[in-house]
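Trainee: Got a structure for you, written out below as structure tokens; questions coming shortly.
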Amino acid sequence: MTTRILIVDDHPVLRSGLRVLLAADPGLEVVGEAGTGEETLSLAEELHPDVVLLDIGMPGESGIETVRRLKAKLPELKVLFLTMHEEEGMLLEALAAGGDGYLIKRADEPEILQAIRAVQRGDLYVHPTMPRALLSQSELPEQPKEPIEPLTPREIDVLRLLAKGNTNRQIAERLTLSIRTIESHRANLMGKLGLTSRVELVTYAEERGLL
């Protein structure tokens with residue numbers, strides 16, 4: 001299945017380079033380009049991409065605000081930030097706003113493709129140079145603290161494995177279940193706990209001693 005991508009950056013030359021790179025991969029299709037947050041929202045609703053490759057620094061509203069509005073309208077949409085910002089605070093703000101991945105613009109071509117595939121699968125992707133320790137509970141915004149009791153034993157198994165960084169496929173193999181079943185458990189987890197990202201799942205699991 002082809003992954004449909006919307007490229008968002010206010011520099012046409014960079015958008016053009018990304019389009020050429022992505023077009024060379026038969027599993028990817030660039031369905032549109034945008035240079036502002038407003039254009040992004042309009043095109044996302046019109047074109048229904050699978051992944052938005054989004055810059056943070058743009059004219060008008062920032063990519064941070066844009067992702068909040070995107071997720072409010074299209075919660076299933078995956079957003080991968082592609083930015084020059086390597087500040088820890090910016091990473092945390094981007095993920096807290098609803099970003100599914102954070103990639104630095106100096107990343108090489110294979111890594112860009114890897115990051116796109118990761119967020120499309122539903123995995124969190126953070127550029128290797130950004131400290132993973134930033135995703136600890138103490139650094140993230142306050143998250144819901146619902147009791148763990150509503151979860152079934154199988155959902156707890158899936159939660160624990162997700163929080164440890166396993167992909168849906170790896171969990172399916174580990175628990176001898178289908179990927180579709182794992183996706184169903186994951187959706188149930190998010191719904192029961194009122195969470196929207198893997199970062200929040202990690203925080204929830206840490207708070208309850210599941211890691």
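Trainee: Would a scan of segment 194-206 turn up a residue that is open to solvent by 60 Å² or more (accessible area, probe 1.4 Å) and touching a helix residue (DSSP H, G or I) at 6+ places or on another chain (Cβ under 6 Å)?
Mentor: Quick first cut of segment 194-206, residues open to solvent by 60 Å² or more (accessible area, probe 1.4 Å) only: 196, 206.
Okay, now just the ones that are also touching a helix residue (DSSP H, G or I) at 6+ places or on another chain (Cβ under 6 Å), so none.
No, the conditions are met nowhere in segment 194-206.
Trainee: For segment 17-45, which positions are at pLDDT 95 or above and in contact with a Gly (Cβ under 8 Å, 6 or more places away or on another chain)?
Mentor: Of everything in segment 17-45, just one residue is at pLDDT 95 or above and in contact with a Gly (Cβ under 8 Å, 6 or more places away or on another chain), namely 43.
Trainee: What is the number of the single condition among (1) within 21 Å of residue 90 (Cα to Cα); (2) modelled with pLDDT of 80 or more that residue 133 does not meet?
Mentor: All conditions are met except number (2).
Trainee: What number of residues within segment 6-24 are loosely packed, with under 14 Cβ neighbours inside 10 Å and under 18 Å from the mean Cα position of the chain (by Cα)?
Mentor: Residues meeting the conditions: 0.
The values are calculated or read from the model by the stated rules, or taken from the named source; none is laboratory data. Because the structure is predicted, anything quoted here is derived from the model rather than measured. Don't worry about glycine lacking a Cβ; one is built from the backbone with ideal geometry, like all the others, and counts go over all protein chains shown. Protein only, heavy atoms only, side chains kept; ligands, DNA and RNA dropped before computing areas. Shrake-Rupley method; radii C 1.70, N 1.55, O 1.52, S 1.80 Å.
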